[in-house]
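Some notes on the structure that comes next.
The values are calculated or read from the model by the stated rules, or taken from the named source; none is laboratory data. Values in this document were obtained by computation on a predicted structure and should not be read as measured data. A quick note on method: Cβ atoms are made from the backbone with ideal geometry, for glycine too, and the neighbour counts reach across all protein chains shown. We work out accessible area using only protein heavy atoms, side chains counted, and drop any ligands, DNA or RNA first. Shrake-Rupley method; radii C 1.70, N 1.55, O 1.52, S 1.80 Å.
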Amino acid sequence: MTAGAFPYRLVATDLDGTLLRPDHTVSARTRAALAAATAAGAAHIVVTGRTVPVARHILDDLGYEGLAVCGQGAQLYHAGEHRLLTSVTLDRQVAMLALEKIAAETGPLLLAAARDGLDGQVLFGPGYRVGHGDMPVTSFSDLDEVWSAPISKLYIQHAQLDDDALADAARIAAGGLVGVTMAGAGLVELLPLGLTKATGLSLAARRLKVTAADTIAFGDMPNDIPMFGWAEHGVAMANAHEELKGVADEITASNEEDGIAVVLERLLG
């Protein structure tokens with residue numbers, strides 16, 4: 001590496017709570033820092049828990065045209081071409097059994113489900129609290145509706161348990177059947193076993209002909225832990241969950257304070 005050269009070939013950023021400010025915009029400073037990193041030879045890739053239908057309008061608004069890892073690693077999406085390249089679904093029989101085991105330990109669950117595909121709806125069951133204000137709401141009353149088409153993942157909530165306690169209970173009850181992660185407030189998710197942001201990012205990296213050793217990753221929630229474990233350098237935002245901060249190589253400023261730009265500007269010299 002020559003003096004002043006940018007040390008990474010891939011910059012992986014989560015969306016909510018990381019790249020995006022609370023109003024779902026990206027500051028001019030962060031845009032400029034990412035553009036400078038790109039000009040220095042790095043690729044920028046979005047790695048988000050949002051499924052493609054829920055992420056697509058955000059990516060379009062940002063003018064993002066590259067590859068994006070969506071759905072906690074389940075979907076590889078070409079934003080510029082509006083094309084879904086790969087997709088992994090959650091086995092519905094396994095999902096049913098996992099829900100039964102979790103509910104047997106916790107009591108009744110509040111449920112939502114993300115349908116597979118470019119235009120897959122998110123179905124919300126009775127009482128489920130919708131976190132993203134920009135998420136279109138399609139309700140279901142009969143659980144059979146959830147299993148009537150392929151799904152990417154399930155979201156669970158509980159009337160009494162907080163997110164951390166619910167995620168822990170779900171792992172204990174059904175961790176051998178499904179992956180369990182927390183992606184944000186009210187977003188405890190059940191995924192295909194073994195699927196993480198790291199698996200999706202590694203697939204995208206192969207397509208981009210870069211490696212984990214070439215990668216710096218930015219995130220804010222426990223679902224970013226596998227991505228930090230895969231990347232050479234993991235940077236947690238100041239607003240990040242304590243569990244992610246505990247495994248980060250570095251903690252930067254918050255998403256409201258251009259935390260990504262702070263790090264990239266330093267590395268760019």
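Find which of Leu90, Leu62, Leu109 sits farthest along the positive direction of the dipole of the stretch 1-128, computed with +1 on the beta-carbon of Lys and Arg, -1 on that of Asp and Glu, about the Cα centre.
About the Cα centre, the residue reaching furthest to the positive side is Leu62.
Is the stretch 140-188 rounded, prolate or oblate when judged by the Cα gyration tensor, a ≥ b ≥ c being the square roots of its eigenvalues, rounded requiring a/c under 1.5 and prolate requiring a/b larger than b/c?
prolate
In nm², what is the average projected area of the convex hull enclosing the Cα atoms of the chain?
13.1 nm²
Could you point to the residue in Ile151, Ala79, Ala170 farthest towards the positive end of the chain's charge dipole, with +1 and -1 charges on the Cβ of Lys/Arg and Asp/Glu respectively?
Ala79
Would the stretch 81-152 count as rounded, prolate or oblate if I go by the C-alpha gyration tensor, calling it rounded below 1.5 in a/c and otherwise prolate when a/b exceeds b/c, oblate otherwise?
Since a/c reaches 1.5 but b/c is at least a/b, the shape of the stretch 81-152 is classed as oblate.
Applying 1/(1 + (r/R0)^6) with R0 = 30 Å to the Cβ-Cβ distance of Ser148 and Glu65, what FRET efficiency is obtained, to the nearest 0.05?
0.30
Please list 3J(HN,Hα) in residue order for the stretch 47-55, calculated via the Karplus relation 6.51 cos²θ - 1.76 cosθ + 1.60 where θ = phi - 60°; whole Hz, with x for glycine and proline.
With the stated coefficients, the stretch 47-55 comes to 10, 10, x, 4, 6, 3, x, 8, 8 Hz.
How big is the dipole moment of the stretch 1-157 about its Cα centre under a simple scheme where the beta carbon of each Lys and Arg is +1, that of each Asp and Glu is -1, and everything else is neutral? Debye, nearest 20, please.
Roughly 520 debye for the stretch 1-157.
Give the accessible area for Arg92 in Å² (nearest 10); use a 1.4 Å probe, count only protein heavy atoms, and leave out ligands, DNA and RNA.
Using a 1.4 Å probe on the heavy atoms, I get roughly 80 Å².
Based on the alpha-carbon gyration tensor of the stretch 7-47 and its eigenvalue square roots a ≥ b ≥ c, which shape applies: rounded if a/c is under 1.5, prolate if not and a/b is larger than b/c, or oblate?
Since a/c reaches 1.5 but b/c is at least a/b, the shape of the stretch 7-47 is classed as oblate.
Using the Cα centre as the reference, give the magnitude of the dipole from point charges on the C-beta atoms of the chain (Lys, Arg: +1; Asp, Glu: -1; all else neutral), rounded to the nearest 20 debye.
The dipole magnitude comes to about 760 debye.
At 0.36 nm per residue, and after removing the present C-alpha to C-alpha distance, how many nm does the segment from Asp91 to Arg129 gain when stretched out fully?
11.2 nm
Given the Cα-Cα distance of Ala35 and Arg207 and 0.36 nm per residue of separation, how much length would full extension add, in nm?
59.8 nm
Rg(Cα) of the stretch 143-269 divided by 2.2 N^0.38 Å?
1.19
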